[in-house]
Structure formats: structure tokens, C-alpha cells
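Here's the structure, in C-alpha cells; my notes come after.
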Amino acid sequence: MKKLSIKLGLVFFLIIFGLEVSMFFFLHSALVDSRVEEELIALQARGNSHRDILEKNFDQMTLSHVALMESEANTDVVVTDKNKNVLDTSLPPQSVEKYIKESSTDIPREGIIVEEHWKDEAYIATVSPIQGQHAGYVYMFQNTDSIHALIDRLNKHFLITGLIAVALTIAIIIILSKGLVKPLNKMKAATAKISKGDFSVTLPKTGNDELGELSKSIQLLANDLNYLRKERSDFLASISHELRTPLTYIKGYADIVQNRNLTPGERRNYLNIITEETKRLSDLVTDLFDLAKIDNNSFVIHKEPIDLPDFIRRIEQKLTPAFQEKKMKLIVHCPTKLYVLADPARLEQILYNLLDNALKYSKSGTFTELTVHINDQDVHIIIKDTGKGIPAEDLPHLFNRFYRVEKSRTRASGGSGMGLAIVKELITAHGGTITLESDMGKGTQLDIRLEGALLNEDDLTRG
Ligand SMILES: Nc1ncnc2c1ncn2[C@@H]1O[C@H](COP(=O)(O)OP(=O)(O)OP(=O)(O)O)[C@@H](O)[C@H]1O
Ligand SMILES: [Mg+2]
């Protein structure tokens with residue numbers, strides 16, 4: 001944990017420190033340069049004004065006056081004739097002799113800088129030419145000690161400001177990297193808890209940035225895992241219950257057939273029950289197997305063009321006897337020419353399940369309608385019964401595995417509650433949808449929507 005905050009802090013610090021140092025360096029040298037330039041300009045201006053005075057009154061008194069003025073200031077003057085012989089000076093001339101000797105004699109009226117290297121030299125210097133009858137030069141000097149003192153003061157200010165800036169940078173970086181790493185540590189602890197199987201984590205909301213999103217995703221993952229674990233244990237409980245019920249019947253009736261003296265009629269009756277329950281068990285295992293394949297994504301849908309009118313007619317023929325037996329009617333409406341791309345075995349399974357429900361949950365004397373029509377390039381297969389209907393509070397759960405409206409399961413009434421769950425998965429696997437509406441006491445209507453309705457079989461195979 002500490003490693004990340006230290007790494008982040010160090011990287012931030014190095015970047016900001018580097019920026020600060022280069023900015024300070026740039027500012028410092030710009031300030032020093034401009035300060036020295038100001039000094040040189042002032043020195044030059046002072047030399048020019050002495051020169052102007054000497055051009056007007058070139059006599060010994062003026063010369064002495066100029067030298068006297070400079071001996072009182074922190075600058076100095078040396079006045080020479082045109083051959084660089086010293087006429088008057090405010091400082092010992094030998095200390096500045098080399099600057100006078102080395103300077104050029106071809107000087108413009110506004111003067112030139114003779115020496116500007118304040119770092120290595122004892123003086124900075126300028127010269128202004130005296131023109132006219134008494135030609136000569138006015139050399140101005142300024143001791144660089146004063147410039148050094150000035151720069152030292154500037155350096156001190158820079159050092160104090162620099163130290164404050166670095167301290168502030170470090171403080172800000174510590175606060176920022178801690179703020180960044182703290183939620184990460186919480187998430188790390190949460191994921192460690194999840195990986196140990198404890199899904200009861202609660203992460204604080206940290207806003208809408210990337211960290212907040214990550215925190216939300218981890219929370220969602222924990223909630224989902226929690227839900228899945230509960231669902232799995234519910235599912236296992238349901239499976240064992242569903243398997244145990246028919247097995248109890250089978251064992252019970254088998255014992256009776258074995259141990260009692262029964263009339264042939266009774267014996268046949270009990271053996272029929274055993275056969276029925278065995279079939280129910282085998283259906284249940286098939287359903288579970290289908291669902292396991294769907295969950296595993298190893299479930300393959302083999303779509304092919306289905307001639308719907310023909311397909312529906314065959315289903316009608318197979319199921320009509322069962323409806324007649326219960327004194328119910330199955331009415332079919334289907335266009336004469338209509339094709340759809342679907343897996344025929346699965347579509348048959350879907351329709352059987354839904355028609356089986358209509359048959360099981362309706363009273364004799366009622367009727368069930370199966371209507372096929374096209375809407376917006378989609379095929380709709382609608383199954384509408386006039387049975388007992390489903391209470392509104394059960395509607396949201398009907399497609400859950402093992403969900404039944406009547407919780408008590410008797411041998412005579414109802415199946416295992418797997419039918420609609422499988423139907424929904426199969427339709428979803430086809431890329432279609434199913435919707436259910438029901439009115440208590442009036443009946444139930446299911447609407448299956450499958451994509452890609454066409455009137456011509458060739459269009460379907462090509463499409
Ligand atoms: N057409 C319908 N009319 C009234 N109730 C229905 C209808 N279809 C389904 N139900 C209710 O919804 C529940 C779930 O139906 P589903 O088909 O999933 O299971 P099942 O019929 O009980 O068992 P299975 O289909 O696995 O044999 C049923 O138990 C029943 O109570
Ligand atoms: Mg059913």
C-alpha cells in the first residue's frame with residue numbers, strides 16, 4: 001500500500017521540483033541581467049551628463065568639480081584627453097588603468113560600455129567621448145562589490161521562496177497521493193474479502209471519476225455474487241425438492257404393488273402412476289440439462305426457414321386430442337404463406353410448453369387461440385387462453401426457474417415451474433422476445449416475437 005503512494009508522491013515531486021527549479025533559474029538570471037543592465041544605463045547616462053557639462057566649460061574648475069561629485073557617490077569618474085592621458089579622477093587611476101587602455105577610441109556620441117563582466121571584474125565601466133576643441137573621454141566606473149551585494153540579497157530571497165515552495169509542494173503531494181491511494185486501499189481490501197467468499201462489502205461512494213466508477217463496479221460485483229450464491233442455493237434446494245417428490249411417489253407405489261395383494265385393476269392404476277412420475281422425472285432432468293447447456297453457452301440453435309402455416313398445423317393436429325379430452329377447443333389463425341428463420345425442434349418445444357400451460361391452467365369448456373401475424377418484419381405468435389389467469393403479484397417472477405403460482409404441489413396439479421423459464425431462454429437464444437399479460441379469472445395471453453418474417457422462402461435463405 002505504501003509503495004504506490006510513495007511512488008506516486010516521488011514522481012509528482014520530481015516533476016514539480018524540476019519545473020520549479022527551472023522556473024526559478026530562469027527568473028533569477030532574467031532579474032540579475034536586467035538589474036545589471038539598469039546599472040550600466042545609469043552609469044552611461046551619468047557619464048554623458050558629465051561629458052555635456054565639460055563640452056560647455058572645459059576648465060580645471062569644472063574638471064575638479066566633476067571629480068569631487070563622483071568621489072562622494074558610489075560611482076567614479078576618470079576624465080582623459082584624446083590620447084587617454086588622465087586629466088582628473090575621483091579614484092586612484094592605476095586601479096582602472098587597464099580598462100582605459102583597452103578601450104577603443106572610436107566611440108559614438110552616446111558612448112559605449114567598456115566592461116560589463118560584473119562577476120569576474122572589479123568594475124563595470126562606460127565611456128562617453130568629449131567632442132569639440134577639448135576632445136577627450138569621460139570614463140565612468142562602478143565597483144562590482146555593490147552589484148555582488150545586491151545579487152546576494154536577491155539569492156537569499158530566492159532561497160527562502162524556494163524552500164517555502166518545496167515545503168508546500170511536498171505537503172500538497174502527500175495530501176493528494178493519500179487521497180488517491182486511500183480509496184484504492186479500501187477497494188483492495190474489499191476484493192480480498194470477496195476472493196475469500198465474503199460478499200458483504202460496502203464501499204463508500206467516491207464521486208463520478210474513474211475511481212468512483214471502479215468502486216461502483218466492485219460493489220456491483222459483490223452484490224451480483226451475493227445474489228448468485230443465494231440463487232444457486234435456492235436452485236439446488238428446488239431441484240432436490242422437485243426430484244424427491246416423484247421419487248417418493250415411485251417408491252411408495254412400487255412398495256404397494258410389491259407387498260400387497262391387489263386386484264389387476266388396482267395394480268394397473270398404481271403402475272400407471274409410477275410410469276407417469278418416471279416420465280415427469282425424466283422431463284425434469286431434460287429441462288435441467290437444457291438450462292445447464294444454455295447457462296454454459298454450449299447450447300446451439302440451428303436456424304432454418306420454417307414454413308409456419310404447415311408447422312403450426314402439425315402442432316395443432318398433435319395437441320387437438322389432448323384439448324378435446326379436456327373438452328377444450330384449440331383455434332388456430334395463421335396466414336397461408338409465411339416463413340420464419342428458427343430452430344424447428346426448439347420452436348416446437350416453445351409452443352408445446354405454452355399450449356400445455358393453456359391446457360393445464362384452464363377449465364373444460366374454455367378455448368385457446370393461437371394466432372400468427374406479421375408486424376414490422378417480425379413474426380408474432382400469440383397464444384391466448386380463457387383460463388384462470390395469473391395474479392398480478394406473480395407476473396414478474398413467472399419466468400424464474402421453479403416458480404409456480406400454486407406453491408403446494410400435488411401430484412395431480414401442475415408441473416415443476418421450469419416451462420416458462422426454458423421458453424424464455426429459448427426465445428432469447430433466437431434473438432426474440434416474449435411478453436405475458438394476464439387477467440385473473442379471464443385468461444392469459446403470451447406474445448412471442450421472432451425477427452425476420454418473410455413471405456418467400458428464398459428471401460429467407462438468402463437473408
Ligand atoms: N396459461 C396460464 N394460465 C394460468 N397460469 C399459468 C399459465 N401459464 C403458467 N401459469 C402459471 O405459471 C406457473 C409457471 O409456469 P411454468 O410453465 O413455468 O411451470 P409449470 O407449468 O408449473 O411446470 P412445467 O411447465 O415445468 O411442467 C405455473 O405453475 C402456473 O401457475
Ligand atoms: Mg408449464
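The values are calculated or read from the model by the stated rules, or taken from the named source; none is laboratory data. Computed from a predicted model, the values in this text were never measured in an experiment. Positions of Cβ are backbone-derived with ideal geometry, glycine not excepted, and every protein chain shown enters the neighbour counts. Just so you know, the surface numbers come from the protein's heavy atoms only, side chains and all, with ligands and any DNA or RNA stripped out. Shrake-Rupley method; radii C 1.70, N 1.55, O 1.52, S 1.80 Å.
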Exercise. Determine whether Y253 is open to solvent by 40 Å² or more (accessible area, probe 1.4 Å), more than 29 Å from F13 (Cα to Cα) and in contact (Cβ under 8 Å) with a residue 12 or more places away in the chain.
Key: yes
Practice problem: Please list, ordered by first then second residue, the pairs with beta carbon atoms under 7 Å, 6 or more apart or interchain, first in region 378-394 and among the acidic types (D, E), second open to solvent by less than 20 Å² (accessible area, probe 1.4 Å) and outside any loop (DSSP other than H, G, I, E, B). | Solution: D378/L450; D378/A453; D385/A358; D385/T368; D385/G443; D385/T444
Quiz item: Picking from K329, K363, which residue would you name as being more than 12 Å from ligand 1 (Cβ to nearest atom) and open to solvent by 50 Å² or more (accessible area, probe 1.4 Å)?
Solution: K329
Exercise. Report yes if some residue within region 372-379 is within 30 Å of A237 (Cα to Cα), away from ligand 2 (no atom under 14 Å from the Cβ) and surrounded by 14 or more Cβ atoms within 10 Å (Cβ to Cβ); otherwise report no.
Key: no
Quiz item: How about region 103-149: which strands (runs of 3 or more DSSP E) wholly inside it have at least 1 residues that are in the same structural domain as F58 (by TED's automatic domain parsing) and open to solvent by 60 Å² or more (accessible area, probe 1.4 Å)?
Solution: 112-115
Quiz item: Which of (1) assigned to a helix (DSSP H, G or I); (2) over 52 Å from the mean Cα position of the chain (by Cα); (3) of a type outside the set (D, E) does L262 not meet, given it meets every other one?
Solution: (1)
Quiz item: Do we have any residue at all in region 340-350 that's modelled with pLDDT under 95, touching a Pro at 6+ places or on another chain (Cβ under 7 Å) and surrounded by 13 or more Cβ atoms within 10 Å (Cβ to Cβ)?
Solution: yes
Quiz item: Of all residues in region 190-221 being of a type in the set (A, V, I, L, M) and under 25 Å from K178 (Cβ atoms), which is surrounded by the fewest Cβ atoms within 10 Å (Cβ to Cβ)?
Solution: A192
Quiz item: If you go through region 187-212 one residue at a time, how many are among the small types (G, A, S) and not in a loop (DSSP other than H, G, I, E, B)?
Solution: 5
Exercise. Kindly check whether there is at least one residue in region 28-47 that is within 16 Å of D81 (Cα to Cα) and surrounded by 14 or more Cβ atoms within 10 Å (Cβ to Cβ).
Key: yes
Practice problem: Could you grab me the full set of residues in region 277-311 that are within 29 Å of H373 (Cβ to Cβ), open to solvent by 30 Å² or more (accessible area, probe 1.4 Å) and in a helix (DSSP H, G or I)? | Solution: D310
Quiz item: If we keep just the residues of region 337-387 that are polar (S, T, N, Q) and under 16 Å from V423 (Cα atoms), which is farthest from the chain's Cα centre (by Cα)?
Solution: N357
Quiz item: Given the structure, is E393 of a type outside the set (S, T, N, Q) and either modelled with pLDDT under 90 or open to solvent by 70 Å² or more (accessible area, probe 1.4 Å) (or both)?
Solution: yes
Quiz prompt | Residue in region 421-429 that is away from ligand 2 (no atom under 16 Å from the Cβ), open to solvent by 30 Å² or more (accessible area, probe 1.4 Å) and assigned to a loop (DSSP other than H, G, I, E, B) present | solution = no
Exercise. Please specify each residue of region 66-92 satisfying the condition of being part of a helix (DSSP H, G or I) and surrounded by 16 or more Cβ atoms within 10 Å (Cβ to Cβ).
Key: V66, A67, E70
Quiz item: Mind checking which residues of region 314-367 are in a strand (DSSP E or B) and of a type outside the set (V, I, T)?
Solution: K329, L330, H333, Y339, L341, A342, F367
Quiz prompt | Pair list, Cβ < 8 Å and 6+ apart or interchain, from region 270-289 residues that are farther than 25 Å from R260 by Cα to residues that are part of a helix (DSSP H, G or I) and open to solvent by 70 Å² or more (accessible area, probe 1.4 Å) | solution = L281/L247
